[in-house]
1. What is the one condition in (1) in contact with a helix residue (DSSP H, G or I) (Cβ under 7 Å, 6 or more places away or on another chain); (2) in contact (Cβ under 8 Å) with a residue 40 or more places away in the chain; (3) buried (at least 18 other Cβ atoms within 10 Å of the Cβ) that residue 183 does not satisfy?
2. Take the conditions open to solvent by less than 60 Å² (accessible area, probe 1.4 Å), on the phi < 0 side of the Ramachandran plot and either in contact with a helix residue (DSSP H, G or I) (Cβ under 7 Å, 6 or more places away or on another chain) or at pLDDT 95 or above (or both) and apply them to residue 94. Does it pass?
3. Tell me which residues, restricted to the range 1-23, are outside any loop (DSSP other than H, G, I, E, B) and open to solvent by less than 10 Å² (accessible area, probe 1.4 Å).
4. Could you give every pair whose Cβ atoms fall below 9 Å, whose first residue belongs to the range 136-156 and is over 17 Å from residue 189 (Cβ atoms), and whose second residue is aromatic (Phe, Trp, Tyr) and surrounded by 24 or more Cβ atoms within 10 Å (Cβ to Cβ), counting only separations of at least 6 or pairs across chains?
5. List every residue pair whose Cβ atoms lie under 9 Å apart, where the two residues are 6 or more positions apart in sequence or sit on different chains, the first residue falls within the range 200-223 and is more than 14 Å from residue 106 (Cα to Cα) and open to solvent by 30 Å² or more (accessible area, probe 1.4 Å), and the second residue, located anywhere, is outside any loop (DSSP other than H, G, I, E, B) and of a type in the set (Ser, Thr, Tyr).
6. So which helices (runs of 4 or more DSSP H) stay within the range 62-159 end to end and still have 1 or more residues that are closer than 17 Å to residue 180 by Cα?
7. Can you confirm whether the range 218-229 contains a residue that is of a type in the set (A, V, I, L, M, F, W, C), modelled with pLDDT of 95 or more and at negative phi?
8. Of all the residues that make up the range 245-254, how many are touching a helix residue (DSSP H, G or I) at 6+ places or on another chain (Cβ under 8 Å) and touching a residue at least 24 places away in the same chain (Cβ under 8 Å)?
Amino acid sequence: MGKLEGKVAFITGAARGQGRAHAVLMAREGADIAALDICHNLPYPRYALAERSDLEETAQQVRESGRQVLELVADVRDSLAMAMAVEKTIAAFGHIDILVCNAGIADMALTWDITEEWWDMMIDVNLKGYWLAVKYVVPHMLAQKTGGSIVMTSSVAGLRGEPGMAHYCASKWGVIGLANSLAQELAPHNITVNTLHPTAVDTDIITGMAHAADMATEDLVEFIRHGNALPVKLIDAQDVANAALWLVSDEARYVTGQKLNIDAGRMLK
């Protein structure tokens, strides 16, 4: 028996990177997966987002773990699309026990060089997208009366300022406010809400951000390395998935309203 046997996890940004790591690990622990991603580029950020083939690869890896998977193509900023995605999940599996709000973008620019379009896109994807997932998933969790777990990906940038990332930091600080409010509202219903705060993770976003900032990827990685206390350049998506798995398992059933750092000691500096 896996730690999540019989559970259903709804995961946004599941096509690659951290989202895929969450989906595959939770499937290996017994959960069926609703894997959602936009599967096309946006005007911002200034790098390519996941494609449909990425989402299909995530689904294939879930199936190889012996679990069912529902592929959902939707924009987390779109209220109707998110409502439909949740309804499709309920129709397919009958319930949702775990929500992982993970879909997000990042980019770099000095605060005064950020355009209004860039600012709005960052907040809409990274914060509004989380709220919409909550808005449509939580009523089903409440109706089920079986508790539940919600995990939201913030960042070390949600705990401190980072130069060249004011819009990203603002979105990730906002995630904490959303999660803490929600944790208080849902505690009487035995639904936990927690946030993840990783340092930089070895995913496609790193290369994309470096390109957008007209930097060599190696220079950006070296900059990140100097901020970590432990001797590591980038952590793996699996490290973040391991933390999320603990938070949604019975091992953390009385953990709520917490900020879990997977930061290689970055916050020590």
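The values are calculated or read from the model by the stated rules, or taken from the named source; none is laboratory data. These figures come from a predicted structure and were not determined experimentally. Here the Cβ is made from the backbone with ideal geometry for all residues, glycine too, and neighbour counts use every protein chain on show. Heads up: the accessible areas ignore ligands, DNA and RNA and are worked out on the full protein's heavy atoms, side chains in. Shrake-Rupley method; radii C 1.70, N 1.55, O 1.52, S 1.80 Å.
1. Of (1) in contact with a helix residue (DSSP H, G or I) (Cβ under 7 Å, 6 or more places away or on another chain); (2) in contact (Cβ under 8 Å) with a residue 40 or more places away in the chain; (3) buried (at least 18 other Cβ atoms within 10 Å of the Cβ), only one is false for residue 183: (1).
2. Criteria not met by residue 94.
3. Within the range 1-23, 8, 9, 10, 11, 12, 19, 22, 23 qualify.
4. Note: pairs meeting the criteria are 152/130; 153/130; 155/168.
5. If the second residue must be outside any loop (DSSP other than H, G, I, E, B) and of a type in the set (Ser, Thr, Tyr), the pairs left are 217/207.
6. Answer list for the range 62-159: 129-144.
7. Yes, the range 218-229 contains a residue that is of a type in the set (A, V, I, L, M, F, W, C), modelled with pLDDT of 95 or more and at negative phi.
8. Number satisfying all stated conditions: 3.
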